[in-house]
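Note sheet for the following structure.
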Amino acid sequence: MDPTEPHFSFPVIRGLQARREYYVAMWTLRNLSKISIYDEDEVPAEMRAQRTLNSARIPEIADYILDNPEDYVFSALTVSIDSEVAFEKMDEQGKLGMLRVPMGARFIINDGQHRRAAIKAALDQRPELGHETIAIVFFLDFGLQRSQQMFSDLNRHAIRPSRSLGLLYDHRSEKAKLAKLVVFESDKFRDIVETERTSLAKRSRKLFTLSAFYNACADLLAGLATGNLSEDARRAREFWEEVADHFPSWAQVREDRMPASEIREGYLHSHGIALQALGKAGNALLVERPKDWRKSLAALEKIDWSRKNSKVWEGRAMNLGVVQKKTSNIVLTTNVIKQALGLSLTEEERELEQAHNKEKRRR
């Protein structure tokens, strides 16, 4: 680059990857928010190097920063520079130095555009975070095709962790902590809940996933949680262990006397939809009968949970024999449990029940 051309400089570490130079810098969040980034939103997809910005994601990521100012974590951004640059080494090995970038250079984010936008939004509310830093990896832009390939390569192997594993490692969410306390401190559930996967393999020895238990516990204590995690977990655990006593097959799986796959294939009560429906019905039970709710749960044994019972479950929890888990399916499954327990239905539940019965009569 022309040394007389207006430019700005910043310290970097120089590296080599696929026989191409790249540079790693540490920028303050303030500098990152101020630097001009090329906006491609109005350009057709085939002419862009990046997907368009999804503005709906920005508030959630910004809140993550604002709610966790002492322990938020961001990985490095990947950025392309579309001009010639000059590296001035500051050590004998030529790894440390200053990178001179023309003032007119364009920066194109290959990975991290939502993080940058969220950082800008967070700084509007908390300017004092501006002195904190984030790592940026700079590549030299060799044209649109190269930038598009970089985007593809960076995302090709990026596999989002399962929801269960995300909950297992989440130490911020009170609901996640509650579900884990219920499961891990219960002899009846600890060994039959899958904590890494969101779906169960056919030969899995587990009956439920942690994500399903998370949903069920959240519905069970909706409007009832005290805010005392230990107390809320104890209350939820008592409920679920009482429920477990009315499903002997759960114990048989836990004790390796029956394969989990056989139970899941034969009965609906060992699927996430039933667990969540039990949580919803349980919430109503705890509200309506706070003192004698345990006695009411005996009615669970009167429900025909067999998946062959299409008269009850088809169109409600299943479609053509396949278990479904849409919101309406969960509500309709909850209705069966609430009716068995002698609990009244809410207006929404009554409306869905009427629509379901009307549809059954048409068949």
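Listing for the model above:
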item: At R0 = 45 Å, FRET efficiency that the Cβ-Cβ distance of S75 and F184 yields, to 0.05; result: 0.95
item: Helix 210-220 vs. the chain, principal-axis angle (Cα, 0 to 90°, nearest 10); result: 60 degrees
item: Charge dipole (the chain, unit charges on Cβ, about Cα centre) - positive-most of P69, N335, I108; result: N335
item: Cα centroid separation, region 278-341 to region 222-277 (Å); result: 13 Å
item: Label-point separation in nm, S83 to T226, each point 7 Å along Cα→Cβ; result: 6.4 nm
item: Unsatisfied cross-links (Cα-Cα over 26 Å) in the set K188/K326; K177/K295; K295/K338; K280/K325; result: K188/K326; K177/K295
item: Residues in region 59-80 reached by a label modelled at R106 [backbone nitrogen below 19 Å; 7 Å Cα→Cβ]; result: 78-80
item: Expected-Rg normalisation [2.2 N^0.38 Å, Cα atoms] applied to the chain; result: 1.34
item: Order of W305, W293, W313 - criterion: other Cβ atoms within 10 Å of each residue's Cβ, fewest first; result: W293, W305, W313
item: Cut-off under 5 Å, modelled amide H: who pairs with L343 long-range; result: none
item: Mean separation of Cα contacts under 8 Å, 6 or more apart, over the residue count of the chain: relative contact order %; result: 13 percent
item: Inter-label distance for S328 and L96, nm, one decimal - labels placed 7 Å from Cα along Cα-to-Cβ; result: 6.5 nm
item: Degrees separating the helix 229-244 axis from the principal Cα axis of the chain, which is the longest one; result: 50 degrees
item: Principal-axis tilt of helix 174-184 within the chain, Cα atoms, nearest 10 degrees; result: 60 degrees
item: Bridge type composition, the chain - antiparallel percent by DSSP, nearest 5; result: 75 percent
item: Electrostatic dipole magnitude of the chain [Cβ: Lys, Arg +1; Asp, Glu -1; Cα centre; debye, to 20]; result: 1660 debye
item: Positive-end extreme of charge dipole, the chain - chosen from A260, A233, V182 (charges on Cβ); result: A260
item: Max mean-square fluctuation residue, GNM over the chain, Cα-Cα springs under 10 Å, options S211, S306, S55; result: S55
item: Length released on extending from Y169 to N54, taking residue separation times 0.36 nm less the Cα-Cα span; result: 38.8 nm
item: Fluctuation leader among E262, E351, E70 - the chain, Gaussian network, Cα springs under 10 angstrom; result: E70
item: Approximate spin-label separation N68-E301, in nm, with each point projected 7 Å along Cα-to-Cβ; result: 4.5 nm
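Read-outs throughout are calculated quantities, based only on the coordinates presented, and are distinct from any laboratory measurement. Just so it is clear, the model here is predicted, and its values are computed rather than measured. We place every Cβ from the backbone using ideal geometry, glycine too, and count neighbours over all the protein chains shown.
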